[in-house]
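J.: Dumping the structure here so I can ask a few things about it.
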Amino acid sequence: MYTNMLNVLLMGGGAPGGQGGAGGFQFIFIGGMILVMWLFMIRPQTKKAKMQKDFISNLREGDKVVTIAGIHGTVKKINDDGTLKIEVSAGTYLTIERSAISMEYTTAQQKAAATPAK
């Protein structure tokens, strides 16, 4: 008898003649939680991934870049197979994947270079 009553209470049935609208509130609450997760977690990540993809596709020869490993260099050649040839110092070249270019570090470097030194 106690097990059946506990099951009824846990399932939200409550006592006979009690509240009948609690199920609708639960659906609204779960829907709100999904909306909040989408707004604060999923949407910003997809927006950032799109910006990274646009940044990588707009790279040109002569652009100064920073890789995700922290290597600074200048794009010397863009290959058709999705790789870049960057010059890290005079006469030293590295071939890296396009996806290894960091948008955050590169834009931070460009902002620092644009600000005049005091």
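J.: Hey, which aspartates and glutamates would be in cross-link range of Lys111, C-alpha to C-alpha under 17 Å, not counting anything within fewer than 8 residues on its own chain?
T.: Candidates past the 8-residue exclusion: Asp63.
J.: Stretch Ser99-Thr74 to full length: gain in nm at 0.36 nm per residue minus the Cα-Cα span?
T.: Length gained, Ser99 through Thr74: 7.5 nm.
J.: Also, quick follow-up: Check Lys76: other-chain or 5+ apart residues with amide H under 5 Å from its amide H, H built from backbone geometry?
T.: Those lying under 5 Å, H to H, from Lys76 are Gly62, Lys85, Ile86, Glu87.
Where a number appears in this text, it was derived from the coordinates with a stated rule and is not lab data. Owing to the predicted nature of the structure, the values given are computational and were not obtained by experimental measurement.
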